[in-house]
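> One structure, pasted below without further comment.
The values are calculated or read from the model by the stated rules, or taken from the named source; none is laboratory data. Given the structure is predicted, the values throughout are model-derived calculations rather than measurements. Don't worry about glycine lacking a Cβ; one is built from the backbone with ideal geometry, like all the others, and counts go over all protein chains shown. For the accessible areas, the whole protein counts, side chains as well, though only heavy atoms, and no ligand, DNA or RNA atoms are used. Shrake-Rupley method; radii C 1.70, N 1.55, O 1.52, S 1.80 Å.
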Amino acid sequence: MLLESTVGVVGKAILSAVVGAIVGGIIGIFREQIENRFRQTKDNYLRGSWDCTWLIASPTTVSTNPIRDQVEITQVNGQLVKGEGSTLKFGRSHFHGKTTQFVITLSYAGEKASKDLVGMVMLKKDSPTKLNGVWCQYGSDGTLMSGTTVWEKIA
């Protein structure tokens with residue numbers, strides 16, 4: 001009788017250890033996705049349309065007229081952000097990046113004739129309706145261009 005109860009206790013302990021290892025392993029594998037689910041609602045305000053103004057600071061030989069476009073953030077999945085933009089002068093572009101507590105970092109590339117115009121943007125989260133930051137890209141002639149940008153939420 002004592003042997004049977006000891007085997008039962010040991011069996012339960014082994015079963016508990018196996019179940020714990022399996023659950024811990026699953027949580028470890030899907031940790032980032034689980035964290036992203038909790039974070040998703042926090043940055044969900046980023047999703048939607050933004051009116052963007054781009055100022056060129058360098059090179060100084062380029063026109064200083066601001067460039068305006070509209071950007072649509074289509075996906076916010078945890079830290080991952082995706083979307084597309086559109087401007088009359090340069091056409092459509094696609095971007096993706098990451099969001100942290102204070103900053104969004106994006107890389108973008110144009111479509112068709114502008115596909116080689118790629119760049120980076122770093123935006124500070126000023127409020128749920130305003131972002132501001134800096135950008136840089138290499139122009140079609142290989143010249144490094146950079147400046148500032150302000151994004152204001154439309155919808």
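> Which residue pairs have Cβ atoms under 8 Å apart, sit 6 or more places apart or on different chains, and have a first residue in segment 129-149 that is in a strand (DSSP E or B) and a second that is exposed (fewer than 13 other Cβ atoms within 10 Å of the Cβ) and of a type in the set (D, E, K, R)?
Correct list of pairs: LEU131/LYS124; ASN132/LYS124; GLY133/LYS124.
> Going by the structure shown, is SER114 at pLDDT below 90 and polar (S, T, N, Q)?
yes
> Within the bounds of segment 37-56, is there any residue that is open to solvent by 80 Å² or more (accessible area, probe 1.4 Å) and of a type in the set (A, V, I, L, M)?
Applying the first criterion (open to solvent by 80 Å² or more (accessible area, probe 1.4 Å)) to segment 37-56 yields 37-38, 41-42, 47.
Then keep just the ones that are of a type in the set (A, V, I, L, M); that gives none.
Scanning segment 37-56, I find no residue that is open to solvent by 80 Å² or more (accessible area, probe 1.4 Å) and of a type in the set (A, V, I, L, M), so the answer is no.
> Filter segment 117-151 down to the residues that are β-branched (Val, Ile, Thr) and open to solvent by 40 Å² or more (accessible area, probe 1.4 Å) and list them by number. Please lay out each step first, then the result.
Going residue by residue through segment 117-151, those that are β-branched (Val, Ile, Thr) are 118, 121, 129, 134, 143, 148-150.
Passing the criteria: VAL118, THR129, VAL134, THR143, THR148, VAL150.
> Follow-up question, since we're still on this one. Assess whether LYS82 counts as being under 28 Å from ARG31 (Cα atoms) and touching a His at 6+ places or on another chain (Cβ under 6 Å).
Values: under 28 Å from ARG31 (Cα atoms): yes; touching a His at 6+ places or on another chain (Cβ under 6 Å): yes.
Against the criterion (under 28 Å from ARG31 (Cα atoms) and touching a His at 6+ places or on another chain (Cβ under 6 Å)), LYS82 qualifies.
> Further question on the same structure: Looking at (1) open to solvent by less than 60 Å² (accessible area, probe 1.4 Å); (2) at pLDDT below 70; (3) within 31 Å of the chain's Cα centre (by Cα), can you tell me which one GLU32 breaks?
(1)
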